[in-house]
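J.: Input: one structure, supplied below.
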Amino acid sequence: MMHFCYQSKIYAASQKGGAYVLFPGDIRALFGKGRCRVVTYYEDQRYEGSIVNMGVKKEDGSIQYVIGIPKAIRTILQKDIGNDVNIEIEIL
């Protein structure tokens, strides 16, 4: 099982109230697919979701993969858009 531990800023998603964090790798290069199921720990809060391409681009124009951070978790952590959060991801 692969693990990633890092920190990311929380970004606003285009959907009402939605938010995401950046993933620091290219999942297509790592796993040969553009979506990847994961278990994510935001600080100590567990979340099951997917790393995806939501149309976010890096400065060089390449794909920036992201993962959602639910409002309920942001509320528990008392963090919101613009705050940094510690992340641990387990690739399923």
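Quick note: the coordinates plus some simple rules give every number you see, no bench work behind them. Keep in mind that what you see is a predicted model, and the values were worked out from it rather than measured. Every residue, glycine among them, receives a Cβ derived from its backbone with ideal geometry; neighbour counts consider all protein chains shown.
J.: Over segment 3-91, what relative contact order in percent results from Cα pairs under 8 Å that are six or more residues apart?
T.: Values: 174 pairs, mean separation 37.5, N = 89.
So the answer I get is 42 percent.
J.: Right, something else. How many nm is it between the label spots at Asn83 and Ala13, if each spot is 7 Å from the Cα in line with the beta carbon?
T.: 1.8 nm
J.: Can you pull the one-decimal nm distance between simple spin-label points at Asp60 and His3, each 7 Å off the Cα toward Cβ?
T.: With each label placed 7 Å out from Cα toward Cβ, I get 2.9 nm.
J.: Hey, another quick one. Sorted from largest down, give the three principal axis spans of the alpha carbons of segment 39-89, whole angstrom values.
T.: Between the extreme Cα coordinates on each principal axis of segment 39-89 lie 34, 22, 16 Å.
J.: Ok, one more. Between (1) 43, 36, 21; (2) 39, 29, 18; (3) 35, 29, 19, which entry matches Cα extents along the principal axes in Å as derived from the coordinates of this structure?
T.: Only one listed value fits the structure, namely (3).
J.: At 222 nm, what value in deg cm²/dmol follows for the chain if DSSP H runs of at least 4 each add -39500 (n - 2.57) and the sum is divided by all its residues, to the nearest 500?
T.: Values: 2 runs with 12 residues, N = 92.
Helix contribution divided over all residues of the chain: -3000 deg cm²/dmol.
J.: Within the set Lys9/Lys33; Lys16/Lys71; Lys9/Lys58; Lys33/Lys71; Lys58/Lys79, which residue pairs have Cα atoms separated by over 19 Å? Please list the in-between numbers first.
T.: Working: Lys9/Lys33 25 Å; Lys16/Lys71 11 Å; Lys9/Lys58 14 Å; Lys33/Lys71 27 Å; Lys58/Lys79 24 Å.
From Lys9/Lys33; Lys16/Lys71; Lys9/Lys58; Lys33/Lys71; Lys58/Lys79, over 19 Å: Lys9/Lys33; Lys33/Lys71; Lys58/Lys79.
J.: Further question: Choose one of Ile27, Ile87, Met1: the residue whose Cα lies farthest towards the positive end of the charge dipole of the chain (beta-carbon charges +1 Lys, Arg; -1 Asp, Glu; about the Cα centre).
T.: Ile27
J.: Taking springs between alpha-carbon atoms closer than 10 angstrom, which of Gln15, Gln78, Gln45 fluctuates most in the Gaussian network model of the chain?
T.: Gln15
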